[in-house]
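J.: Before I ask anything, here is the structure I am working with.
The values are calculated or read from the model by the stated rules, or taken from the named source; none is laboratory data. This one's a predicted model, so the numbers in the text were calculated from it and none came from an experiment. As a convention, Cβ positions derive from the backbone with ideal geometry for all residues, glycine included, and neighbour counts pool all protein chains shown.
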Amino acid sequence: AQKVTQAQTEISVVEKEDVTLDCVYETRDTTYYLFWYKQPPSGELVFLIRRNSFDEQNEISGRYSWNFQKSTSSFNFTITASQVVDSAVYFCALIDDRDDKIIFGKGTRLHILP
Amino acid sequence: DAGVTQSPTHLIKTRGQQVTLRCSPKSGHDTVSWYQQALGQGPQFIFQYYEEEERQRGNFPDRFSGHQFPNYSSELNVNALLLGDSALYLCASIGIGQQETQYFGPGTRLLVL
């Protein structure tokens, strides 16, 4: 069965610190896609990144970076030099090759303190 | 290029009533999925529409139904509302040939009293 676990319910860091959000997933499929979404207080889910199961290359986009490791079924998200505007709930999610429904983790609420 | 839009933004209903939520997908997108997000939880998949038919369904009762129109817009209907139906309802659209990445609208916050 598919499952996404975000063990960190809530994290608080001081602005400019680096922070890593953990994500562990389970799937029986060999082809799957992993995502991170950001949900600010307005409620809209903002797409951040998609990773294919056959591409383990890590990715950096500005202050954001993602570490995908199939050996540990993890897809962690790091924000470097955090800013107050990064405060939001972050969801890790999974789609496998069998269907098109996204399986979300329960989210990590990130507080960036000024 | 407009993103995914949803209406209304907020809604208050009483138990037993029926509600209809609406979604217009992103331009160029032909598939619409609906999700329910309870407070403090991740979104849960309700169903997906493609070519005006329900293609896939999550673990939701028949009180939840939907429709997709020829212009790809979609409606979510919930009958016999329960207090537990109070949630943020999110619509996501998928681009033609891009089945993996779903783009979400701002959601409709439904409160059932």
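J.: Looking at the range A:18-33 only, could you name the residues that are facing another protein chain (nearest Cβ under 10 Å) and either closer than 20 Å to A:Tyr64 by Cα or of a type in the set (D, E, K, R) (or both)?
T.: Selection gives A:Tyr33 alone.
J.: Moving on to the next point. Spot the failing condition for A:Pro40; the list is (1) touching a Ser or Thr at 6+ places or on another chain (Cβ under 6 Å); (2) within 14 Å of chain B (Cβ to nearest Cβ), and only one is missed.
T.: In the conditions (1) touching a Ser or Thr at 6+ places or on another chain (Cβ under 6 Å); (2) within 14 Å of chain B (Cβ to nearest Cβ), A:Pro40 misses (1) alone.
J.: Test A:Thr9 against the criterion of being modelled with pLDDT of 90 or more, β-branched (Val, Ile, Thr) and touching a strand residue (DSSP E or B) at 6+ places or on another chain (Cβ under 6 Å), and give yes or no.
T.: Details: modelled with pLDDT of 90 or more: yes; β-branched (Val, Ile, Thr): yes; touching a strand residue (DSSP E or B) at 6+ places or on another chain (Cβ under 6 Å): no.
Answer is no for this residue.
J.: Please indicate, with yes or no, whether at least one residue in the range B:82-100 is farther than 27 Å from A:Lys38 by Cα and more than 10 Å from every other protein chain (Cβ to nearest Cβ). Before you say what the answer is, go through the steps one by one.
T.: Step one: of the range B:82-100, the residues farther than 27 Å from A:Lys38 by Cα are B:82-83.
Now drop any that are not more than 10 Å from every other protein chain (Cβ to nearest Cβ), which leaves B:82-83.
Looking for residues that are farther than 27 Å from A:Lys38 by Cα and more than 10 Å from every other protein chain (Cβ to nearest Cβ), one finds at least one in the range B:82-100, hence yes.
J.: Only residues that are among the hydroxyl-bearing types (Ser, Thr, Tyr) and within 12 Å of chain A (Cβ to nearest Cβ): list them for the range B:47-67, please. Working first, answer last.
T.: First, pick out the residues of the range B:47-67 that are among the hydroxyl-bearing types (Ser, Thr, Tyr): B:49-50, B:65.
Scanning the range B:47-67 gives B:Tyr49, B:Tyr50.
J.: Are any residues in the range B:10-41 touching a Cys at 6+ places or on another chain (Cβ under 9 Å) and either under 15 Å from A:Asp100 (Cβ atoms) or free of Cβ contacts under 8 Å to residues at least 12 places away in the same chain (or both), and if so, which ones? Break it down stepwise before answering.
T.: Keep residues of the range B:10-41 that are touching a Cys at 6+ places or on another chain (Cβ under 9 Å), which gives B:21-25, B:32-35.
Selection gives B:Pro25, B:Val32, B:Ser33, B:Trp34, B:Tyr35.
J.: Go through the range A:16-114 and tell me which strands (runs of 3 or more DSSP E), entirely inside it, have 2 or more residues that are out of contact with any Pro (no Cβ under 9 Å at 6 or more places or on another chain), among the aromatic types (Phe, Trp, Tyr) and surrounded by 17 or more Cβ atoms within 10 Å (Cβ to Cβ).
T.: Numbers: elements: A:19-21, A:24-26, A:32-39, A:46-52, A:59-61, A:64-69, A:74-79, A:88-96, A:108-113.
Fully inside the range A:16-114 and qualifying: A:32-39, A:64-69, A:74-79.
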